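Asks: The structure that follows is given in the form of C-alpha cells.
The values are calculated or read from the model by the stated rules, or taken from the named source; none is laboratory data. Note that this is a predicted model, so its numbers are computed, not measured. Here the Cβ positions follow ideal geometry from the backbone for every residue, glycine too, while neighbour counts run over all protein chains shown.
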Amino acid sequence: MSKNREEFADNIDINTVKSFGEEWSRYDQALLKYEEAEKYFNDYFAVFPWEMINSDSVGFDMGCGTGRWARLFADKVKLLNCIEPSKAIDVAKKNLEDKKNLSFIKGDVNNSGLKANSQDFGYCLGVLHHIPDTQAAINACVKLLKPGAPFLVYIYYFFEDKPEWYKKIWIFSNIFRKLISKMPRRLKQLSTDLIALTIYFPMARFSKILEKLSIPLNKIPLSYYRNSSFYTMRTDSLDRFGTPLEQRFRKSKIKDMMKKAGLKDINFSNSAPYWCCVGYKK
C-alpha cells in the first residue's frame, strides 16, 4: 500500500528533510550485514514491551528512513505504517518489497494520514531531535496511539553522564557540523567520509583494544562503534555532520516532554545508545 502527502505542516526543517533523503539514497543499508543490523535493533529496542504486541497489532514507524527498523519489526505485527517525509521513502519501498504487511506513507508527524487513537504501538528513532519543535512532534505521535499503547523514542542526549572535556569535544565538533551541513552534496559526503576514516575508525578500533584489556569505555568517544563496520561509520558520520538541524536533550527534559505529551510509566534504557525510552499513553 502507498500513500502520498505532499503538503507538510510547519514543524519540519526542509533542509534537514532534503539532507536525510540524500543520505539514505547514498547509504540505503543494502550493504549492512544482518547480524550487525540485528545487534543495533536489539540495542535500540531493548526497553520495548514486546509482550504487548502480536500478530493482530497495528502501529507506526515515524521517520522510517530506509526501513532498517521496519525490516526486523514487520514480522512481529499485523501492519506497520512506515512514515517518511523525504525521498528515502522510495528506498524503503524497494528495500522492503518482500514484506506484505507494510503501508508506506510519504508524510510527517502532523501529516501521516493515520487516525487519532488508532495505533497499538509506535516508535520514532533518531528523528525527534531533528524536528524544530520536538515537544509538538511527540504530542502528534502520541495522539495516534490507543490508550495504554507503548511509544518508543530515541533522542540525542546532552552527555549529562560525561565529564566536561567530553562535552567540549562535542561543542568543537558541532562547529564542523554547522559548516559541513551547508556544503554541496558531494563535498559534504567527501568530508564526512574523511571524518569516518580519520576519526570514527581509529577511535572505534582503539576502543576495541581497550575493551580487550578490560578498560572501561564509558568515557571514550565513539566507543559504541568498536564492533561496527566501516559502512556504518560512514553512514553515521554523514548523519552526524551532514544534518542541518540537530538538538540534544537531557534525560530529565525528555521525560518531561513525554509526560506533557500524555505518556506515563516512562522507562529509559541504561545502556547505549542514549536516550532510548518508552512510555505508555494514558
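Asks: Restrict the check to the stretch 208-219 and report whether at least one residue is modelled with pLDDT of 95 or more and buried (at least 18 other Cβ atoms within 10 Å of the Cβ).
Replies: Scanning the stretch 208-219, I find no residue that is modelled with pLDDT of 95 or more and buried (at least 18 other Cβ atoms within 10 Å of the Cβ), so the answer is no.
Asks: Which numbered condition in (1) surrounded by fewer than 13 Cβ atoms within 10 Å (Cβ to Cβ); (2) part of a helix (DSSP H, G or I) is the only one that residue 176 fails?
Replies: Looking at each condition in turn, residue 176 falls short on (1).
Asks: I would also like to ask the following. Hey, could you check the stretch 244-273 for residues that are among the hydroxyl-bearing types (Ser, Thr, Tyr) and at pLDDT 95 or above and say which is surrounded by the fewest Cβ atoms within 10 Å (Cβ to Cβ)?
Replies: Among those residues, the one meeting the criterion is 252.
Asks: Additional query: How many of the residues making up the stretch 179-197 are among the basic types (Lys, Arg) and either under 21 Å from the mean Cα position of the chain (by Cα) or surrounded by 19 or more Cβ atoms within 10 Å (Cβ to Cβ) (or both)?
Replies: 1
Asks: Additional query: If you check residue 214 against the conditions, is it outside any helix (DSSP H, G or I) and among the small types (Gly, Ala, Ser)?
Replies: yes
Asks: Being touching a residue at least 12 places away in the same chain (Cβ under 8 Å), part of a loop (DSSP other than H, G, I, E, B), out of contact with any helix residue (DSSP H, G or I) (no Cβ under 6 Å at 6 or more places or on another chain) and within 18 Å of residue 69 (Cα to Cα) is the requirement here; does residue 108 meet it?
Replies: yes
Asks: Then there's this: Taking the stretch 174-233 on its own, how many of its residues are of a type in the set (D, E, K, R) and more than 26 Å from residue 271 (Cα to Cα)?
Replies: Looking only at that region, the number is 6.
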